[in-house]
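Everything on this sheet refers to the single structure shown next.
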Amino acid sequence: MDYQRLTIRGISYSQTQSGAYALLLEHEETNVKLPVVIGNFEAQAISLGLEKDIHPPRPLTHDLFSKFVRSANYSLASVIIYQILDGVFFSNLNFKNNETGDELILDARTSDAVAMAVRFDAPIFTTPQVLSEAGILLELEEPTPAQEDIDAVMEGDLAMVPLEGLQKLLDEAVKDEDFDAALELQKEIKRRNRKIE
């Protein structure tokens, strides 16, 4: 399989889902962004894993599991985001035994997989299919509409907006880190493109 490597670009508060955050992953070569909606605790676990200098007084769940993995003489070789189904990402944790080289693959929520990856400095990969289905390409050169325009369109009927207008709104939604709106806009664009083909 031709896996595509992703890097973590940030975590932002979701503007449309209360208590949710958007984890923004980016394909290194094409700059295609992959937004993953995660919960508050998952966002905190990833953020603490990224901040190597901050150590909570008691180990959190991901820290505890990381310590167990190391104690069992395994390391996390990689994380693979291998599927998206009905807006839900599916991931695998790929462990390797440091002595025997045996591999162990565990299914995991993507948020948990990324939280583990930052603790092991393990690479995160996805498939070209996941990138094409859920990835968003941000082009900042063209002037884009205001956030009020995006909000108004999202409350109305997307079918009434021309394809070119949808693309501009999508670019603006990603720029403003409104990934929920971006996903809806992208679904409408892909639905129309399928009809054209």
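Scoring Ser12 on the criteria (1) under 19 Å from Phe125 (Cβ atoms); (2) crowded, with 16+ Cβ neighbours inside 10 Å; (3) not basic (Lys, Arg) leaves a single failure, condition (1). Can you name the residue in region 70-95 that is surrounded by fewer than 19 Cβ atoms within 10 Å (Cβ to Cβ) and aliphatic (A, V, I, L, M) and, of all such residues, is nearest to Ile38 (Cα to Cα)? The extreme case among them is Val88. Considering region 117-136, and only residues there that are in contact (Cβ under 8 Å) with a residue 60 or more places away in the chain and in contact with a Ser or Thr (Cβ under 7 Å, 6 or more places away or on another chain), the residue that is farthest from Leu48 (Cα to Cα) turns out to be Phe125.
Taking every residue in region 65-90 that is in contact (Cβ under 8 Å) with a residue 40 or more places away in the chain and among the aromatic types (Phe, Trp, Tyr) and pairing it with any residue that is open to solvent by less than 80 Å² (accessible area, probe 1.4 Å) and assigned to a strand (DSSP E or B), at least 6 positions away or on another chain, the pairs with Cβ-Cβ distances below 7 Å are Tyr82/Phe90; Tyr82/Ser91; Tyr82/Asn92; Phe89/Val36; Phe89/Ile81. Criterion applied to Leu34, Leu25, Leu106 was being farther than 14 Å from Thr7 by Cα and assigned to a strand (DSSP E or B), and the one residue passing it is Leu106. For the structure I just gave you, tell me whether Glu139 is open to solvent by 30 Å² or more (accessible area, probe 1.4 Å), part of a helix (DSSP H, G or I) and modelled with pLDDT under 60. The answer is no for Glu139. Of all residues in region 115-130, those that are in a helix (DSSP H, G or I) and open to solvent by less than 20 Å² (accessible area, probe 1.4 Å) total 5. Candidates in region 21-32 are the residues that are closer than 18 Å to Val88 by Cβ and either open to solvent by less than 10 Å² (accessible area, probe 1.4 Å) or charged (D, E, K, R) (or both); of these, the one that is farthest from the chain's Cα centre (by Cα) is Ala22. Taken as a whole, the structure places Phe68 among residues that are over 17 Å from Asp180 (Cα atoms) and in a helix (DSSP H, G or I). Whenever a residue of region 29-57 is in contact (Cβ under 8 Å) with a residue 12 or more places away in the chain, its partners that are open to solvent by 60 Å² or more (accessible area, probe 1.4 Å) and among the polar types (S, T, N, Q), lying with C-beta atoms within less than 7 angstrom and at least six residues away or across chains, give the pairs Val37/Gln17.
The values are calculated or read from the model by the stated rules, or taken from the named source; none is laboratory data. Just so we're clear, the structure is a prediction, and the values are computed from it rather than from any experiment. All Cβ positions, even for glycine, are placed from backbone atoms using ideal geometry, and neighbour counts span all protein chains on display. These area figures cover heavy atoms from the full protein model, side chains too; ligands, DNA and RNA do not enter into them. Shrake-Rupley method; radii C 1.70, N 1.55, O 1.52, S 1.80 Å.
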